[in-house]
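What follows is calculated from the coordinates using simple rules that are stated; it is not laboratory data. Bear in mind the structure is a predicted one, so any value in this text is a computation, not a measurement.
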Amino acid sequence: MNRIQWLRFVPIAIIVGFALVGRPAHADDWSNFALVGCDAATNVVDVQEISVDGDQETYPAPSGYRSKWLGSLVKYISPPEGVPDDAVHGTYRKKIGDWKVSCTLKGNVYLIIVSPWSLNDMVMGQCGPGDPDLELTVYRDRKLLVKNLRFSYAGECMQDNNLAFFLRVKLSEVKRVVTIGDISSKIPEFDIPYSQMPKFDQRNSATLKYKPN
């Protein structure tokens, strides 16, 4: 997947790069961020994953959005002395927390939970280097609305995986639908009613079906 696709969704910003303290030297030169916007005018929650060129810990989010570096939600654990830093016994990432954002639309409280996930937590392994991706869970008035929906920029690493991966999810309080988009340049965005969203089956990447009631 072309990493510059995120430019369709966010304004072009000037990114000032700097070296990251504590980040593995073998991490790639892209940084993954979560963007969460809560628009009281349109009554829409907008969640995106973007990938920016360069090792960044901060990102100047567009107006109305908050940003979180997904690398801050994990820590990297090195092997003991004398153990080779390889794909089996070497450095791996471990989740240390979630990012939670709360907003209210038309009197309804949305709790957006951003968690890190990776195809391979062994950073020297296949598809392991770089920042984790975004896993999204959303509660509306304490009721589960979106469950463990996985975003990813992994591109060719998806070829052997039976999942559809996304980069943007919008939740409309007015329409009561979840709009999932930017799966790839070949598949347009689609809507799923709130009533069906908790049963959405991400595993079927071919037909993108969700389980009916």
ask   = Rounded to a whole number, what is D in µm²/s for segment 39-105 from Stokes-Einstein with the Kirkwood radius over alpha-carbon pairs (10 °C, 1.306 mPa s)?
value = 104 µm²/s
key: Theoretical gain in end-to-end length, Lys175 to Arg203 [0.36 nm per residue, Cα-Cα removed]   = 7.5 nm
Reachable aspartates and glutamates from Lys100, criterion Cα separation under 20 angstrom, eight or more residues apart if same chain = Asp39, Asp46, Glu49, Glu57, Asp131, Asp133, Glu135, Asp141, Glu173
query = Over 24 Å between Cα atoms, which of Lys68/Lys199; Lys68/Lys147; Lys68/Lys94 qualify?
reply = Lys68/Lys199
Length added when fully stretched, Tyr139-Thr42, from 0.36 nm per residue minus Cα-Cα = 33.0 nm
